[in-house]
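Below: the structure, in structure tokens.
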Amino acid sequence: MFGFIFSKFSKDLGVDLGTANTLIYTKSGGVTINEPSYVAVNMRNGQLLAVGHEAKAMLGKTPPHVVVTRPLKRGIIADFEVTEKMLRYFFERVHRDRSIFLPRPRVVIGVPLDVTEVERKAVGDAVLAAGAHEVHIVEEPVAAAIGVGLPISDPVGNLIIDIGGGTTEIAVISLNGVVTAKSIPIAGDEMNRNIVQYARDVFNLLLGEGVAEDVKILAGSAVALKDQIDVPMRGRDLLSGLPREIIVSDGQIRESLARSVKAIVENIKSILEITPPELVADIYRRGIILTGGGSLLRGLDQAIADGTGLNIKVAEDPLSAVARGTGLLLEDKKLLKDVAMPMSDRMI
Ligand SMILES: Nc1ncnc2c1ncn2[C@@H]1O[C@H](COP(=O)(O)OP(=O)(O)OP(=O)(O)O)[C@@H](O)[C@H]1O
Ligand SMILES: [Mg+2]
């Protein structure tokens, strides 16, 4: 009886705890939370000042006693306490619209490939500490593949590439399992660092992280564009110490990002080289799907197509693929049992 009432009102949650963005999916609302993974803390009293968009907007603009942190680095929890606080805040926000008592949620959450058992356990513990009563952990590319509707349970090779903030995850999936895969720490954050480095080397201009990201999104590209894009880039002149604005073209930004684009393409090729031939034949026929915010870089699909000779498709709404996949797994107990990582058995 109570079980029925609880399941009727319970809000099970699909969570994409990303280096750059955290998304939470609920059955009734779809993607309900979509916020940057940033937290602002008052160091004088340990109080949480802001989370998500509000905290990201404070980046580089805080007085000394306020610290804006990103609790995840390369998809892995770097600060357990802050991650737990951030998750708790988001879980409570999902439930805020309900006045009645709600049971603690069941959570499906993604982790990058190649995480150690200790890192995986930290994710599970953070979710439980934030208020969940049950947690299931899945590999992010598997969740992304489910989120975009790839037939991962079939005996066919699905090549999915999730280019996030912290990592690029390349995975060949067949029969609900990852056959060959690689996770590299070259993704959106590294591209931002490439632009910061370029501005420093070429213009003696010191850029903030946020400015570099804006420039990347406004003018970044992996291949030559039809129409030139010029954007202002504002920072501090390293020689005079004064504020300065420079107009940069898409060609200059492309030059700064070339190293990262090349590394992504080369790593995809190296995965294809070690993938069994039957699966490579499927991938040749079916192409590659890109997810994650990094896949929105202009022409990245073209650069990967040129490098591999394969058809590339950027998923619809690539930023929410992992969250949608975890949400679908909440509804499909059998598939969840097949794809969940073994450690989740010990957590429930
Ligand atoms: N239009 C765009 N062009 C280029 N990059 C973009 C664009 N939009 C978003 N990004 C980048 O995508 C990244 C965030 O993607 P996403 O939310 O998928 O990462 P994440 O899941 O938080 O990270 P990870 O999976 O590595 O833990 C950021 O680095 C952001 O700058
Ligand atoms: Mg991600």
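Every number in this text was worked out from the coordinates using simple rules, so none of it is lab data. These figures come from a predicted structure and were not determined experimentally. Positions of Cβ are generated from backbone atoms using ideal geometry, with glycine treated the same way; all protein chains shown enter the neighbour counts.
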Where the centroid of each part is defined by its Cα atoms, how far is segment 194-253 from segment 259-315 in Å? 27
In nm, to one decimal, how far is the modelled label at R200 from the one at D114, with both set 7 Å along Cα→Cβ? 2.4
The ³J(HN,Hα) series, computed from each phi in segment 332-342 with the Karplus coefficients 6.51, -1.76 and 1.60 at θ = phi - 60°, rounded to the nearest Hz and given as x for glycine or proline, is 10, 4, 5, 4, 4, 4, 5, 9, 5, 6, x
Calculate, for A78 and I247, the FRET efficiency according to 1/(1 + (r/R0)^6) with r their C-beta to C-beta distance and R0 45 Å; round to the nearest 0.05. 0.80
Near the amide H of V314, under 5 Å away, which other amide H atoms are found, from residues 5 or more places off or on another chain, if H is placed in the peptide plane? L290
Gaussian network model of the chain, springs between alpha carbon atoms under 10 Å - residue of P112, P277, P318 with greatest fluctuation: P277
Considering amide H positions built from the backbone, and no H for Pro or chain starts, which residues 5 or more places from S153, or on another chain, come under 5 Å of its amide H? N176
Could you give the nm distance between label points at R234 and E92, where each point is 7 Å from its Cα heading toward the beta carbon? 3.5
Please identify, among D317, D282, D201, the residue showing maximal mean-square fluctuation in a Gaussian network model of the chain using a 10 angstrom Cα cutoff. D201
Residue by residue through segment 35-41, what is 3J(HN,Hα) from phi via Karplus (6.51 cos²θ - 1.76 cosθ + 1.60, θ = phi - 60°)? Round to whole Hz and write x for glycine and proline. 9, x, 7, 10, 9, 10, 10
Rounded if a/c is under 1.5, else prolate if a/b beats b/c, else oblate: with a ≥ b ≥ c from the C-alpha gyration tensor eigenvalues square-rooted, which is segment 188-256? prolate
Taking 0.36 nm per residue of separation and subtracting the Cα-Cα distance, what length does fully extending K226 through D338 add? 35.7 nm
The size of the Cβ-based charge dipole (Lys, Arg +1; Asp, Glu -1) of the chain about the Cα centre, to the nearest 20 debye, is 760
Candidates A315, A130, A281: whichever shows maximal mean-square fluctuation once the chain is modelled as a Gaussian network with Cα springs under 10 Å: A281
For K11, list the aspartates and glutamates whose Cα falls under 13 Å from its own Cα; do not include residues on the same chain fewer than 8 positions away. E92, D97, E134, E331
Here the gain from full extension of K313 to L218, 0.36 nm per residue of separation minus their alpha-carbon distance, amounts to 32.1 nm
List the DSSP H helices in the chain whose Cα atoms stretch 27 Å or more along the helix axis and whose mean Kyte-Doolittle hydropathy is at least 0.0. 250-274
Residue by residue through segment 149-157, which ³J(HN,Hα) values in whole Hz follow from phi under the Karplus form 6.51 cos²θ - 1.76 cosθ + 1.60 (θ = phi - 60°), with glycine and proline marked x? x, 6, x, 6, 7, 7, x, 9, x
Built amide H within the under 5 Å cut-off of L206, gap 5+: R236, D237, L238
Once you have a ≥ b ≥ c as the square roots of the Cα gyration tensor eigenvalues for the chain, tell me rounded if a/c is under 1.5, and otherwise prolate or oblate according to whether a/b is larger than b/c. oblate
Pairs beyond 25 Å (Cα-Cα), from K56/K262; K61/K85; K61/K121; K216/K313: K56/K262; K61/K121
Quick one: compute the contact order of the chain, relative version, from alpha carbon pairs under 8 angstrom and 6+ residues apart, as a percent. 19
